1. Any of LYS51/LYS120; LYS150/LYS189; LYS103/LYS189 with alpha carbons more than 20 Å apart? Name them for me.
2. At 10 °C and 1.306 mPa s, grab the translational diffusion coefficient of segment 51-189 from Stokes-Einstein with a Kirkwood Rh over Cα pairs, rounded to a whole number in µm² per second.
3. Under 1.5 on a/c is rounded, so check that first for segment 89-162, then, if it is not, pick prolate when a/b is larger than b/c and oblate when it is not; a ≥ b ≥ c are the square roots of the alpha carbon gyration tensor eigenvalues.
4. Tell me, in nm to one decimal, what length is gained between GLU181 and ILE6 on full extension, where the rule is 0.36 nm per residue of separation less the Cα-Cα distance?
5. Using alpha carbons only, how many degrees (0 to 90, rounded to 10) separate the axis of helix 79-96 from the longest principal axis of the chain?
6. Taking a point 7 angstrom from the Cα of GLU81 along the C-beta vector, which residues in segment 135-163 have backbone N less than 20 Å away?
7. So which lysines can LYS49 reach, going by Cα to Cα under 17 Å and dropping same-chain residues fewer than 8 places off?
8. For segment 24-56, which trypsin sites (Lys or Arg not before Pro) pass both filters: DSSP loop (anything but H, G, I, E, B) and at most 10 other C-beta atoms within 10 Å?
Amino acid sequence: MTAKKITTRQKILAAAKNLFSTHGYSEATIDDIITAAGITKGAFYHYFKSKEIICTEIIDDVKNEYQNLFESLPKELNPLEKLKAVIRQIIELNCSGQWVNCKLVLNISTQAHLLQSPIKQKLDGFWKWYIDQYRQLITQCRDSNLIGSKLSIQQQVDFIVSVLIGNIWTKTVFDSSLDTELIDYIVEKL
């Protein structure tokens, strides 16, 4: 078995993704990306004209990874099982240390007021899409009488997203263990 060769372009994207997830978009410089990727400035500019272009491409890639996650949910699961499964996968991926998408999106989002329009538009598009995925699952759960309706659909969606964001930040700061009780807690509160 031969190892897949990592292209220079992939090295640049991986380095930028890691830097944006740990330092944010504003703090990560092109020189930081070049150093982390182990490439020359000329190689960087051969593939990307700016840090902004890399960031918009990374947001697209992150959205595709999340999309794959939602689309990979087994069709035979009922909506509540799908909701639990997607929450579990996101928590597991975040805790694995191999998947920086959660931290990346949150870190870039905290700097949204500093971002240029194309990045801000991509980020807004991502959040609208991401939140809509939960809205669809919540609606299906409610239509199937699998969760309560004390809260509005929007409140339920906000609750899920807020708890996940809080969990991601806390796990980043304190530990990386999987909190399986969190999934049951989220569903219980819906």
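Derivation of every value follows stated rules applied to the coordinates shown; laboratory data play no part. Bear in mind the structure is a predicted one, so any value in this text is a computation, not a measurement. Cβ coordinates were reconstructed from backbone atoms using ideal geometry, including for glycine residues, and neighbour counts include every protein chain displayed.
1. Values: LYS51/LYS120 14 Å; LYS150/LYS189 10 Å; LYS103/LYS189 25 Å.
Long pairs (Cα-Cα over 20 Å): LYS103/LYS189.
2. Details: Rh = 15.8 Å.
Using the Kirkwood radius from Cα pairs, D works out to 100 µm²/s.
3. Judged from the Cα gyration tensor, segment 89-162 comes out oblate (a/c at least 1.5, b/c at or above a/b).
4. Details: separation 175, 0.36 × 175 = 63.00 nm, distance 3.82 nm.
So the chain would gain 59.2 nm between GLU181 and ILE6.
5. Roughly 40 degrees between the two axes.
6. Those under the cut-off are 136-148.
7. Straight-line reach from LYS49, under 17 Å: LYS11, LYS17, LYS41.
8. Numbers: sites: LYS41, LYS49, LYS51; in loops: LYS49.
Sites meeting the loop and neighbour criteria: LYS49.
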